[in-house]
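Chemist: Just dropping this structure here.
Derivation of every value follows stated rules applied to the coordinates shown; laboratory data play no part. Source: prediction; values computed, not measured. All Cβ positions, glycine included, derive from the backbone under ideal geometry; neighbour counts span all protein chains shown.
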Amino acid sequence: MNVDQLYETLSQIPKTDLAMWQDVFLKFYRAWFAEDRWLNYFEGLVTTIEVTIIALIIGVVLGVLVAMIRTAHDQQRPGTHNFVLGFLNGISQVYVTIIRGTPMMVQLMIWGFVIFATSRNFTLVGALGLGVNSGAYVAEIIRGGLMSLDPGQMEAGRSLGLNYIQTMRFIVIPQAFKAILPSLGNEFIVLLKDTSLISVIAGKEIVYAARAIGARTYEYMFPFVITAIMYLIMVLIFSWLQGKLERRLRRSDRR
Amino acid sequence: MIDVKNLTKSFGSHVVLNNISQHIYPGEKVVVIGPSGSGKSTFLRCLNLLEEPTSGTITFDGVDITDPKVDINAVRRQMGMVFQHFNLFPNMNICDNITLAPVQTGLMKKDEAVEIAHALLKRVGLDDKADAYPAQLSGGQKQRIAIVRALAMKPKLMLFDEPTSALDPEMVGEVLNVMKQLADEGMTMVVVTHEMGFAREVGSRILFIDGGQVQEENSPEEFFSHPKNPRLQDFLSKVL
Ligand SMILES: Nc1ncnc2c1ncn2[C@@H]1O[C@H](COP(=O)(O)OP(=O)(O)OP(=O)(O)O)[C@@H](O)[C@H]1O
Ligand SMILES: [Mg+2]
């Protein structure tokens, strides 16, 4: 007997006569198999991954840019003051302050219902909102990584006659990258999970699909448990990859 | 070779170097000593502009390097610097530590740089460490590598900032030996150190810096046997 037949049989039985497992099965069937609803979760999953990737790219580009501006500004030769750099640094600071000082959800609502109120592409607007948010955190992580590095590394590079860019590229950035990889990984996981928030502006990711299914079946337990499991699996896969990368980068530490 | 004129350096209102003038001739081994916090490192770091002088000029081979228009990277390529804490690049193996600057600055091709790295490593007895990472080496080995790294740029002048202060006593000798060898080959050197034996044996001139000024300078014999400045007498009585 396959699941469809089992569902047919069980759904004939009056609700009050169902055994516990039979009731659970019926709910699960409606949340997953009925009308091929599992497809909806996977469509949502694909959107979630797309949104994460778009947001990640926006976040990393913005983050690197802002971190570079702020670090270069702070590391200017004392006494010199570059006006353009000062201006960009000011903008960067305002950006980071606003993003870190306001809730993600409120930012998304401003993107979705104010700035792009007329746009129909909620998913893309959501990705933009998430990316801009993530950029501020990534910038602070990168800046922290660059600042935490022993200034002697920069000095050693410069004393050998390498210029600022070369020293950054070959010496500072590779070390900073290794140091911040765990925090970057955490930020990525936060971003992945925060994609669930874009459902408030009707971005069609997994939570959106789950809510729609729940509304059809009047039963929310399985849709949300399934959603949770899907997120958990994605995070576990990512953490595993991250661990592998970190172990590889730690090769130069062996004694 | 280097002419320092009226060099003053202050951090905020704290005047660390007060109007120092000095001339360093080719082939000289100038040893700088002085109490902690007297500005020895600051003086050394001004010579390759790791610290920007507040006022005064530093002329290297006829070029005023404090002029903002001067390509400071090109100047630094001709001056090697060795730090108290080695500052090797932990993300690269020893060979890459040594060849990075010569290759990236366009001084030589990769294979030529590798060849020179091996030759220099042999001289300091560490050729077998070419593929090791800095974390795998002892302090003395790291410092010898740091010297090699600076030498690979074929500098005209070497600056040493307390190269043996962070080392366990049993490793001091191996680093000093490399420096002595370098001195014997005629390298111009400016060395900040607390190793009075090294100063006496290798130095051609010794500077005593205190209170932001060179209080006394002399040949090693005179410097140690007939110190005139009372602060130097006091300092020597403590360290010798
Ligand atoms: N970047 C800086 N900012 C502010 N003050 C500084 C800075 N670098 C050095 N100083 C101050 O300048 C003075 C001289 O420092 P310097 O490192 O040159 O002394 P030093 O003679 O090398 O001492 P040590 O033997 O401890 O290495 C100290 O009082 C120090 O606190
Ligand atoms: Mg010092």
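Chemist: Given the options B:P53, B:P35, B:P68, which has the most mean-square fluctuation in a GNM of chain B, springs set between C-alpha atoms less than 10 angstrom apart?
Modeler: B:P68
Chemist: For segment B:61-75, in order, what is each residue's ³J(HN,Hα) by Karplus, 6.51 cos²θ - 1.76 cosθ + 1.60 with θ = phi - 60°, in whole Hz (x at glycine and Pro)?
Modeler: So the Karplus estimates, Gly and Pro as x, are 6, x, 9, 6, 6, 7, 5, x, 7, 6, 6, 5, 5, 5, 5 Hz.
Chemist: Relative contact order, percent, of chain B when contacts are C-alpha pairs under 8 Å separated by at least 6 residues?
Modeler: Working: 419 pairs, mean separation 62.8, N = 240.
After rounding, I find 26 percent.
Chemist: Apply the Karplus parameterisation 6.51 cos²θ - 1.76 cosθ + 1.60, with θ equal to phi minus 60°, to every residue of segment B:188-201 and state each ³J(HN,Hα) to the nearest whole Hz, in sequence, with x for glycine and proline.
Modeler: Once θ is set to phi - 60°, the couplings for segment B:188-201 become 6, 9, 10, 10, 8, 7, 9, 7, 5, x, 5, 4, 5, 7 Hz.
Chemist: On a 0 to 90 degree scale, rounded to 10, what angle separates helix B:94-104 from the longest Cα axis of chain B?
Modeler: Between the helix axis and the principal axis of chain B, the angle is about 80 degrees.
Chemist: Sum up the charges of everything whose Cβ sits under 12 Å from the Cβ of A:T195, counting Lys and Arg as +1 and Asp and Glu as -1, but leave A:T195 out.
Modeler: Values: positive: A:K193, A:K204; negative: A:E50, A:D194, A:E205.
It works out to a net charge of -1.
Chemist: Could you state the angle between the C-alpha long axis of helix B:169-184 and the longest principal axis of the C-alpha atoms of chain B, as a value from 0 to 90 degrees rounded to the nearest 10?
Modeler: 90 degrees
Chemist: Tally Lys and Arg at +1 and Asp and Glu at -1 over the other residues with C-beta under 12 Å from the C-beta of A:K178: what net charge comes out?
Modeler: Numbers: positive: A:R247, A:R248, A:R250, A:R251; negative: A:E246, A:D253.
Counting the neighbours of A:K178, the net charge comes to +2.
Chemist: Could you let me know the centre-to-centre spacing of segment A:110-171 and segment B:201-219, using Cα atoms, in angstrom?
Modeler: Using only Cα atoms to place each centre, the spacing works out to 48 Å.
Chemist: Given springs between every Cα pair under 10 Å in a Gaussian network model of chain A, which of A:G86, A:G161, A:G243 has the largest fluctuation?
Modeler: A:G161
Chemist: Using R₀ = 22 Å, calculate the FRET efficiency as 1/(1 + (r/R₀)^6) where r is the Cβ-Cβ separation of B:E185 and B:T59; round to 0.05. Spell out each step's value before the answer.
Modeler: On the way: r = 25 Å, r/R0 = 1.13.
Here the calculated transfer efficiency is 0.30.
Chemist: If you place +1 on the Cβ of every Lys and Arg and -1 on the Cβ of every Asp and Glu, how big does the dipole about the Cα centre of segment A:37-254 come out, in debye to the nearest 20?
Modeler: Working: 19 positive and 12 negative charges, 77 e Å.
Dipole of segment A:37-254, to the nearest 20 debye: 380 debye.
Chemist: For a label point 7 Å from the Cα of A:E43 along Cα→C-beta, name the residues of segment A:117-137 whose backbone N is under 16 Å from it.
Modeler: Within reach of a label on A:E43: A:121-124.
Chemist: A further question on this structure: Counting other C-beta atoms within 10 Å, and keeping those with at most 14, which DSSP coil chymotrypsin sites (Phe, Trp or Tyr not before Pro) do you find in segment A:1-92? Provide the component values of the computation, followed by the final result.
Modeler: Values: sites: A:Y7, A:W21, A:F25, A:F28, A:Y29, A:W32, A:F33, A:W38, A:Y41, A:F42, A:F83, A:F87; in loops: A:F33.
Answer in residue order: A:F33.
Chemist: Which lysines, if any, have their Cα less than 21 Å from the Cα of B:K110, not counting same-chain residues under 8 positions apart?
Modeler: B:K122, B:K129, B:K154
Chemist: Another question, if that's okay. Under 5 Å between amide hydrogens, which residues at least 5 positions from B:V16 or on another chain qualify, with H placed 1.01 Å from N in the peptide plane?
Modeler: Here B:K9, B:S10, B:F11 satisfy the definition.
Chemist: So if I place +1 on the C-beta of Lys and Arg and -1 on the C-beta of Asp and Glu, and nothing else carries charge, what would the dipole magnitude of the protein assembly as shown be about its Cα centre? I want it in debye, nearest 20. Each step should come with its number before you reach the end.
Modeler: On the way: 47 positive and 48 negative charges, 108 e Å.
Using only the charged Cβ atoms, the result is roughly 520 debye.
Chemist: Taking 8 Å as the Cα distance limit and 6 or more residues as the minimum spacing, I'd like the relative contact order of chain A as a percentage.
Modeler: Numbers: 247 pairs, mean separation 69.9, N = 255.
Result for chain A is 27 percent.
Chemist: Just to verify a number: FRET efficiency for A:T9 and A:S239, C-beta to C-beta distance, R0 = 41 Å, to 0.05? Walk me through the numbers on the way to the answer.
Modeler: On the way: r = 42 Å, r/R0 = 1.02.
The value I calculate is 0.45.
Chemist: Here's a follow-up. So if R0 is 45 Å, what FRET efficiency would B:S225 and B:N73 give, r being the distance between their Cβ atoms, rounded to the nearest 0.05? If you can, show how the numbers build up before the last one.
Modeler: On the way: r = 43 Å, r/R0 = 0.96.
After rounding, the FRET efficiency stands at 0.55.
Chemist: Can I ask one more? Once the dipole of chain B is set up with Lys and Arg at +1 and Asp and Glu at -1 on Cβ about the Cα centre, which of B:F160, B:N97, B:G186 lies farthest towards its positive end?
Modeler: B:N97
Chemist: Under the rule of at least 5 residues apart or a separate chain, name every residue whose amide H is placed under 5 Å from the amide H of B:Q215.
Modeler: Amide H to amide H, under 5 Å and 5 or more residues apart or across chains, B:Q215 pairs with B:F208, B:I209, B:D210.
Chemist: Once phi is turned into θ = phi - 60°, what whole-Hz ³J(HN,Hα) does the Karplus curve with 6.51, -1.76 and 1.60 give for every residue of segment B:210-222, x standing for Gly and Pro?
Modeler: Here the 3J(HN,Hα) series is 7, x, x, 9, 7, 6, 7, 9, 6, 5, x, 4, 4 Hz.
Chemist: For chain B, what does the alpha-carbon gyration tensor say about shape, rounded, prolate or oblate, given a ≥ b ≥ c as the root eigenvalues, a/c under 1.5 as rounded, and a/b over b/c as prolate? Walk me through the intermediate numbers first.
Modeler: Values: a/c = 1.95, a/b = 1.35, b/c = 1.44.
Cα axes put chain B in the oblate bin.
Chemist: Right, another one. Could you pull out every residue, at least 5 positions away or on a different chain, whose amide H is within less than 5 Å of the one on B:V82? Hs are placed 1.01 Å off N in the peptide plane, and Pro or chain starts have none.
Modeler: Excluding prolines and chain starts, which carry no amide H, the hits are B:L159, B:F160, B:D161.
Chemist: Test of understanding: extend the Cα→C-beta vector of A:D150 to 7 Å, then name every residue of segment B:38-61 with backbone N under 13 Å from that spot.
Modeler: none
Chemist: Another question about this same structure. Can you give the angle from 0 to 90° between the axis of helix B:230-239 and the longest principal axis of chain B, with both taken from C-alpha atoms, to the nearest 10?
Modeler: Taking Cα atoms only, the helix is inclined about 40 degrees.
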